[in-house]
């Protein structure tokens, strides 16, 4: 019985590390993409701070939505465990 609990704990740790990695990659890729696109658009239109700022704001919004989508299954799983 002890080995089953140990395997469960190891799985939960691995799942948490994977989730943290996914969150980090999601936020960084979205942020870099939007800011680089904003910088390119500013260079193209000659309006340096405007599109970079818009890109940063949009990056924040889409990053938070991405994090929400990644964490939602975990929250649903915890809610089901709490009801038991």
Order by protection proxy (mean Cβ within 10 Å, highest first), peptides 14-26, 52-64, 70-82
52-64, 14-26, 70-82
Can you figure out the FRET efficiency of residue 32 with residue 74, using R₀ = 30 Å and their beta-carbon distance, to the nearest 0.05?
0.75
Working from Cα positions, state the angle (0 to 90°, nearest 10) between the long axis of helix 48-83 and the longest principal axis of the chain.
10 degrees
Residues of segment 16-34 with amide N under 20 Å of a point placed 7 Å along Cα→Cβ from residue 41
27-34
Measure nothing but the geometry: give the 0 to 90° angle between the long axis through the Cα atoms of 2-45 and the longest principal axis through the Cα atoms of the chain, rounded to 10°.
10 degrees
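Cα-Cα pairs above 23 Å in the chain: how many percent?
On the way: 1575 of 3486 pairs.
In whole percent, the long-distance tail amounts to 45.
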Relative contact order for the chain using alpha-carbon pairs under 8 Å, separation at least 6, rounded to a whole percent?
30 percent
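Each reported figure results from applying straightforward, stated rules to the coordinates on display, with no laboratory input. Here the structure is a predicted model, which is why all the values come from computation and not from measurement. Neighbour counts are summed over all protein chains in view; Cβ atoms, including those assigned to glycine, are modelled from backbone coordinates with ideal geometry.
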